[in-house]
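Have a look at the structure below, then the notes.
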Amino acid sequence: MVKDLSDLRIQYIKGVGPKRAGLLTLLGIKTVKDALYYLPYRYENRSKIRKIADLRYSNIETVSGKVISAEVIRLPGRHLKIFELTVKDESGLLKGKWFNQPFMKKNFKVGHEVLLCGSVKRNPYRGIGFEMDNPEYEIVSDDGDPLIHTNRVVPVYRVTSGLSVRQIRSIMFNILTTCIKDVSDTIPAEIINRTALPELSQSLSQIHFPDSYVDVELLNRGVSDFHKRLAFDELFMLELGLAVMKRESILKKGIAFNPEGTFLKRLMEMLPFSLTRAQENVFNDIIRDMKRHYPMNRLLQGDVGCGKTIVALMAMLIAAECRYQSALMAPTEILAEQHYINIHRMIEDLGLKICLLTGSIKDRPISKIASGEIDMVVGTHAIIQEEVIFKNLGLAVIDEQHRFGVMQRALLRKKANNPDVLVMTATPIPRTLALTLYGDLDYSVIDELPPHRRPVTTLLFKSKQKDYIYRLIKEEVKKGRQVYVVYPIIEESEKTDLRSAIIGKNAFEKFFPEFKVMLLHGRMKAQEREEIMASFKQGKIDILVTTTVIEVGVDVPNATLMLIIHAERFGLSQLHQLRGRTGRGSHQSYCILLAYEPYGEEAKRRLAVMVKSNDGFRIAEEDLNIRGPGEFLGTRQSGMPDLRIANIVRDSMLLSDARREAFSLIDREPDLKGFPLLRKSLERFWEGKIELFKTG
Ligand code: ADP
Ligand code: MG
């Protein structure tokens, strides 16, 4: 789009003026360009004109005829004023009625040619059989002005008070007739040709005022080729920005690690298992990146339990061997504590120093981190606080990236001069989507679980079946296994009638006096929590009653049963994460979903998916479908520009095309020198988020 339309204030369009311009602003429309992209949210097909004699009751129909009377009628004994319009065509008569709108009378004169569109009703009084209440209307003008409210597929816009859909439609029509010629395509024509999508100006005209040949059903679903064209433009701009950033990151100078692999070798000797093929492949990607002289920026995806931690540790050992510090940031204290304990155990013998850094740790080893005495820091977002200064941070790992925003990633990266960055997530999403969401990252996936894992058996129970559940728990503990019981809340509260962990713990203790039952939740002191986790891990606790604090990362292979209370309240990805705490050893594991009725359709769907599937990729897909991309992906915090038309899930094919085209364009024309207009729209689209364009 040429610059003029983004700068052309809506106020100067015919039929707008200052007052309506103010109202349009409420709809987000300030400029002509905004208006062009304010799309109808649905369409009504008023293109079929029916003879009055052929009308059928309760259908929505359009008729065309001559006004033979137009009068305001007052019903005796009531305050109601009705404006009545009688229209005649060659086949019969129709009454249009508007209630309490006497001012309508001034719009019509006997002899006017008009079109009426509305639901057909039976006229209760004698004489005329058909009637429409508050129909849409249009008066055919003598000047041959085109009809925009009837006799066609009519766009319906969202309105705001003081501005009717009729008024917006007229304004839109004026804009399209006067300005569409100034719409120019900034995306290179050869790219558009390859997509086989229609031109931009044609797409905009057709979306607002479609020709009669256009499929109304596709329009209504927002998936016509014209919609796709607009979506493609957005996705192309999105990917073009990512391509620019990606290119920049390659130009930056990073650390070229040069390891011999001594620590790694010793770790491998200590490990009680060998790596899966997928883990090896991914580690090869990582070490290749680390050896390069520009910064690594890699996303590692893998379902819960696939063994991401060990891969991260291997990378950290490479850094340590090359005398660089590394940091591992986790979203919860429990997870950080656990990583700390595990890694500590494994690297003790290597003579490396590790510390834990979380919000609840009193003696923070800040000075030892600054002096370089400490090799590895494991912690929560406490790591990115200002006072934490590294001597030479070479590698930053972020675990469970989906819990952090890009800002936090950026802050961690800023703790050093272009360190290598590895981000890990167990919320798998399709590849192109991941690449887009995580912006400038490269992508690896662990698509295989360690051997001898048995899929967790998931069972759904209603609250009446508690006895059976207790029996299962008893059997499992008798076998020497351990059990998690997860509650949605810590304490009973007046706001909800949910069962809580504190009460639950007491109940389980009473019910199983012979077992050791303990409570664990996020409001406990860190030290207490650590002790409880440690004794659970050592098998000293049989039943751990807890909350979602254990949702991510916690790893106790002997825990083979998880009971989730109020399973209907949890999100799908959350349930999958929770379930992933079991099935980590060689014993068969169970996840029992206890659901309290009544619950809605959506909850029913979630629970059914859980019972049916153990596959994180499938579950993520379903979750995306159920919740929609906005909520699932938390795009608001991702730092991505807002998409007005495209939907990165629904339009995944377009997204792949857009990505391919954008990256290949930047390959050919890194600075977009030959495309000044495109450069300009890119800058607008990303609103200065791309530095290249600030300076250039
Ligand atoms: P996640 O990818 O969910 O973070 P973890 O890294 O916590 O998974 O690993 C889950 C469990 O699997 C841990 O107990 C870990 O020691 C074990 N594990 C990791 N890799 C292997 C492997 N190749 N063979 C057997 N067990 C493994
Ligand atoms: Mg993990």
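The values are calculated or read from the model by the stated rules, or taken from the named source; none is laboratory data. Bear in mind that the values here come from a model prediction, so they are computed numbers and not experimental data. Neighbour counts are summed over all protein chains in view; Cβ atoms, including those assigned to glycine, are modelled from backbone coordinates with ideal geometry. SASA here: full protein model, heavy atoms, side chains in, ligands and nucleic acids out. Shrake-Rupley method; radii C 1.70, N 1.55, O 1.52, S 1.80 Å.
Quick notes on this structure:
- Residue-wise HN-Hα couplings along region 201-210, as the Karplus relation 6.51 cos²θ - 1.76 cosθ + 1.60 with θ = phi - 60° gives them from phi, are 5, 5, 4, 5, 4, 6, 5, 7, 10, x Hz; Gly and Pro carry x.
- For the chain, the solvent-accessible area of protein heavy atoms averages 47 Å² per residue (probe radius 1.4 Å; ligands and nucleic acids excluded).
- Rg to Rh, two decimals, where region 481-551 supplies the alpha carbon set and Rh follows Kirkwood: 0.97
- Highest mean packing comes first when the peptides 278-290, 539-551, 248-260 are listed by Cβ atoms within 10 Å, giving 539-551, 278-290, 248-260.
- Only lysines eight or more places from Lys362 in sequence, or on another chain, were considered; those with a Cα closer than 19 Å are Lys353, Lys525.
- Cα gyration tensor category, rounded, prolate or oblate, for region 1-63 with a/c compared to 1.5: prolate
- Region 1-153: projected area of the alpha-carbon convex hull, averaged over directions, in nm²: 11.8 nm²
- Segment Lys88-Glu269, extension gain: residue separation times 0.36 nm, minus the distance between their alpha carbons: 55.8 nm
- Under 17 Å of direct C-alpha separation, and excluding same-chain neighbours fewer than eight residues apart, Lys680 reaches these lysines: Lys3, Lys33, Lys689, Lys694.
- Carbon and sulfur %, accessible surface of the chain computed with the full protein complex present, 1.4 Å: 50 percent
- Every pair of different Cα atoms in region 344-447 enters the Kirkwood calculation, which places the hydrodynamic radius at 15.1 Å.
- Working ranking of peptides 131-144, 69-82, 333-346 by packing, defined as the average number of other Cβ atoms within 10 Å per residue, highest first, is 333-346, 131-144, 69-82.
- Local net charge near Leu204, Cβ-Cβ under 14 Å (Lys/Arg +1, Asp/Glu -1): -3
- Restricting the calculation to Cα atoms, region 255-316 shows an Rg/Rh of 0.96 when the hydrodynamic-style radius is the Kirkwood one.
- Two-decimal ratio, region 160-297, of alpha-carbon radius of gyration to 2.2 N^0.38 Å: 1.85
- Taking amide H as placed 1.01 Å from N in the peptide plane, Gln482 has its amide H under 5 Å from the amide H of Ala559, Thr560, Leu561, each at least 5 places away in sequence or on another chain.
- Angle of helix 277-291 to the longest C-alpha principal axis of the chain, folded into 0 to 90 degrees and rounded to 10: 90°.
- Solvent-free Debye scattering, log10 I(q)/I(0), computed from the Cα coordinates of the chain at q = 0.06, 0.08, 0.09 Å⁻¹: -0.51, -0.80, -0.92
- Anchor Lys478: lysines whose Cα lies under 20 Å away (excluding residues fewer than 8 positions away in-chain): Lys466, Lys505, Lys510, Lys516, Lys537, Lys540
- Rg ratio for region 114-204: its Cα radius of gyration over 2.2 N^0.38 Å, N being its residue count, equals 1.58.
- Under a 5 Å amide H cut-off, with hydrogens placed 1.01 Å from N, Leu357 pairs with Val378, Gly379, Thr380 among residues at least 5 apart or on other chains.
- Multiplying the residue separation of Asn625 and Leu218 by 0.36 nm and subtracting their alpha-carbon distance yields 144.5 nm.
- Computed Rg/Rh of region 432-585, alpha carbon atoms with Kirkwood Rh: 1.00
- Mean projected area (nm²) of the alpha-carbon convex hull when region 68-227 is viewed from all directions: 12.9 nm²
- ³J(HN,Hα) computed for each position of region 304-321 - Karplus, 6.51 cos²θ - 1.76 cosθ + 1.60, integer Hz, glycine/proline x: 4, x, 7, x, 7, 4, 5, 5, 4, 4, 4, 5, 5, 5, 4, 4, 4, 4
- Its residue count N fixes a reference of 2.2 N^0.38 Å for region 269-397, and the Cα radius of gyration divided by that reference is 1.03.
- Per-peptide packing, taken as the mean over residues of other Cβ atoms within 10 Å, places 498-504, 203-209 in the sequence 203-209, 498-504 from highest down.
- Taking the helices alone, the chain has a mean residue ellipticity at 222 nm of -11500 deg cm²/dmol, built from -39,500 (n - 2.57) per DSSP H run of at least 4 residues and averaged over all its residues.
- The phi-based Karplus calculation (6.51 cos²θ - 1.76 cosθ + 1.60; θ = phi - 60°) puts the 3J(HN,Hα) values of region 180-193 at 4, 5, 8, 6, 10, 8, 9, 7, x, 4, 4, 5, 4, 4 Hz, whole numbers, x for Gly and Pro.
- Residues whose placed amide H lies under 5 Å from that of Val154, excluding near-sequence neighbours: Glu44, Asn45, Arg46
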